[in-house]
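These notes concern the structure reproduced below.
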Amino acid sequence: MVEKKDITRLLFSISSLADLGQEVTSAKSFNDRMKTALYVVTGMFSVPKAALLVYNSNQQRLELLTHKGFKDTAWTNIHVKAKHIKSFSKNEPYSLSKIKTNSFYNPDTAALEKFHTKTFIPLFAKDEFVGAICLGKRLSRPSYLQSEKNVLKVVANHIAITLHNSSLFRRLTNKVNENKKLYEDMRHIYHDTIQAFAAAIDAKDRYTRNHSYRVAKYAVAIARELGWKEKDIETIDVAGLLHDIGKIIIDSGVINKGTKLSLSEMSEIKRHPQVSYDILSKIRFPWRDLVHFVRHHHERMDGMGYPDALQGEELSDGVKILAIADAFDAMTTDRPYRRKLSLAEALHEVKNCLGTQFDSRISNVFFRVLQKEINGETKKAQILPHFALDKGFDPTVITTLLETITAELSA
Amino acid sequence: MNNFSILSKTINGTVIFMPKGYVNDLGAENLEHACEEFLSKGLKNVVINFSEIQYINSIGASIFTGIVQKIAEHDSMLCFTNMKKVHSDVFEMLGITRHVKVFKEEKDAVNFLNESD
Ligand SMILES: [Fe+2]
């Protein structure tokens with residue numbers, strides 16, 4: 001069960017990661033960006049004393065880049081040779097006691113102790129050692145939870161890449177070319193973290209395990225078929241992963257209730273898109289339409305949806321996509337009050353709701369994606385895998401059904 | 001930085017800071033500097049009134065972490081008042097409130113500090 005403290009931690013971590021993404025790519029000077037990055041980390045884990053070090057490979061030593069909570073006069077550069085670098089796990093937090101057992105630790109590195117280091121994170125961009133983060137004692141618990149270590153690793157990766165792409169680092173290592181590919185990797189890292197958060201959201205509702213994950217996949221498949229740009233596809237992907245984030249504050253007794261909901265319980269559940277919107281609009285995400293998609297994922301073409309009862313073309317394509325992806329997954333998974341529909345039953349249901357709940361054009365695209373997946377015309381199937389193992393699943397039956405529906409639609 | 005400013009007043013050797021706006025970038029470090037300056041004068045009690053703070057992000061949390069540390073090193077007393085629930089939830093999770101006395105209203109903190117002197 002997700003506890004309130006975990007939720008606070010989760011939201012704080014997501015928004016801190018968004019802060020970090022924004023800060024390291026901002027127009028500020030390099031030093032200010034790195035200092036801000038260090039502040040984000042120390043704020044996330046409540047560490048009053050910390051330092052960010054950069055690796056000078058010409059001199060084979062770690063130099064002080066920016067710090068917080070102590071005077072830099074205490075600093076002496078730390079020599080780190082290639083053989084030591086090899087022994088580090090990339091972007092992995094080490095406790096001081098563990099780092100002391102590493103052969104790189106010697107009287108020279110005692111600077112780490114003078115700097116009150118409790119946790120040492122060697123920073124790597126891909127395979128290249130670029131620096132280190134030294135974190136002092138925390139104000140909360142002394143050690144890090146596994147989930148915190150994971151977040152710490154993402155943050156370290158983020159900072160490592162920024163450091164690697166800086167001109168300072170290139171000067172220290174006699175490198176000229178910036179590596180664009182690394183920035184792309186960074187987006188993946190960020191995305192993986194959001195996926196991890198989505199798993200935490202889904203955990204609240206025991207009937208909808210991986211719901212957010214599947215909604216994201218379905219929505220991406222439709223958007224891709226519509227020819228959306230990569231950046232917009234990324235937006236709908238994250239929207240799928242986080243659309244139900246508002247559910248984390250709704251009583252899980254209501255969400256998991258096996259019997260019919262009372263009116264007040266119903267309206268409690270209906271609050272979640274608004275709550276998702278409130279939570280996400282406070283976070284500085286790089287995706288502009290994200291909060292709009294999330295807010296409206298329960299709107300309907302006939303205006304009977306919520307929270308804003310939008311109608312027809314007031315629903316953007318992104319909203320229409322998310323609405324069908326969400327409803328379709330809801331139909332095809334077990335719920336406390338009913339068993340799941342088979343793929344064929346669900347497709348019938350979608351067809352029956354065209355124009356009222358779902359947009360016909362977007363639904364048609366959805367059918368087309370599914371048909372292409374059955375035909376093996378897509379690189380990687382996104383929708384089909386969820387059904388392929390179902391008892392009685394027959395691709396030819398689905399193909400015939402899809403043909404009938406599409407013929408009816410175009411008539 | 002334009003979104004952040006600090007008002008301060010001193011009552012019986014207790015300084016009360018009322019930061020205003022967004023505590024979300026390095027500009028908010030001024031609050032830490034103001035606390036330091038106050039402590040360096042040998043004064044002990046610091047109250048931070050949160051009523052005018054709109055938003056605190058991780059950078060802001062880091063600055064408060066720094067303040068908590070400075071107060072501890074000077075063996076002084078730090079009180080937070082008028083905190084919104086979102087802020088106290090985050091500070092509690094971060095272990096910051098463990099090192100601070102939290103009061104509902106500013107006057108409660110001032111009374112407490114007067115009595116304990
Ligand atoms: Fe929903």
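Computed from the coordinates by the stated procedures, all read-outs in this text should not be read as laboratory data. None of these values were measured; they are calculated from a predicted model. All Cβ positions, glycine included, derive from the backbone under ideal geometry; neighbour counts span all protein chains shown.
Listed here are the pairs A:68/A:118; A:5/B:70; A:86/A:126; which of them are more than 25 Å apart at the Cα? Kindly include the intermediate steps, with their values, before the conclusion.
Details: A:68/A:118 14 Å; A:5/B:70 27 Å; A:86/A:126 13 Å.
With Cα atoms farther than 25 Å apart: A:5/B:70.
Which whole number gives the average count of other chain Cβ atoms within 10 Å of the Cβ atoms across peptide B:24-36?
Shielding by partners across B:24-36 averages 2.
May I ask you to compute the full-extension gain from residue A:390 to residue A:309, defined as 0.36 nm times their residue separation minus their alpha-carbon distance, rounded to one decimal in nm?
Between residue A:390 and residue A:309, full extension yields 25.6 nm more.
Note down the relative contact order for chain A as a percent, whole number, built from C-alpha pairs under 8 angstrom at least six residues apart.
Result for chain A is 12 percent.
Return the FRET efficiency for the residue pair residue A:399, residue A:32: r is the Cβ-Cβ distance, R0 is 60 Å, and the value is rounded to the nearest 0.05. Please report the intermediate quantities before stating the final value.
Numbers: r = 58 Å, r/R0 = 0.97.
After rounding to 0.05, the efficiency reads 0.55.
Just want to confirm a number: the relative contact order over the stretch B:4-116, from Cα pairs under 8 angstrom separated by 6+ residues, in percent.
Details: 179 pairs, mean separation 28.6, N = 113.
The normalised contact order for the stretch B:4-116 reaches 25 percent.
According to a simple spin-label model (label point 7 Å from Cα along Cα-to-Cβ), what is the distance in nm between residue A:168 and residue A:267?
5.6
Just tell me which lysines come within less than 21 Å, Cα to Cα, of residue A:229; anything on the same chain fewer than 8 places away is out.
Cross-link targets: A:180, A:181, A:217, A:320, A:372, A:379, A:380.
With n ≥ 4 as the cut-off for DSSP H runs, can you work out [θ] at 222 nm for chain A, using -39500 (n - 2.57) per run divided by the number of residues, rounded to the nearest 500? Kindly include the intermediate steps, with their values, before the conclusion.
Details: 18 runs with 212 residues, N = 411.
The per-residue figure over chain A is -16000 deg cm²/dmol.
Under a point spin-label approximation (7 Å from Cα along Cα-to-Cβ), what is the residue A:101-residue A:410 distance to one decimal in nm?
For residue A:101 paired with residue A:410, the spin-label model returns 6.8 nm.
Looking at chain A, which longest stretch skips every one of the GluC sites (Glu not before Pro) that is in a DSSP loop with at most 16 other Cβ atoms within 10 Å, leaving the sites themselves out?
Between the exposed loop sites, the longest stretch runs A:179-376.
Out of the trypsin sites (Lys or Arg not before Pro) in the stretch A:361-411, which ones are loop residues according to DSSP with at most 13 other C-beta atoms within 10 Å? Walk me through the numbers before you get to the answer.
On the way: sites: A:361, A:368, A:372, A:379, A:380, A:391; in loops: A:379, A:380, A:391.
Of the trypsin sites (Lys or Arg not before Pro), the ones in loops of the stretch A:361-411 whose Cβ has at most 13 other Cβ atoms within 10 Å are A:379, A:380, A:391.
Can you classify the stretch B:4-116 as rounded, prolate or oblate using the Cα gyration tensor, where a ≥ b ≥ c are the square roots of its eigenvalues, rounded means a/c under 1.5, and otherwise it's prolate if a/b beats b/c and oblate if not?
rounded
Can you compute the modelled spin-label distance between residue A:257 and residue A:137, with each label point 7 Å from Cα toward Cβ, in nm?
Output for this residue pair reads 4.9 nm.
So what is the 222 nm mean residue ellipticity for chain B from helices alone, if each DSSP H run of at least 4 adds -39500 (n - 2.57) and you divide by all residues, rounding to the nearest 500 deg cm²/dmol?
-12500 deg cm²/dmol
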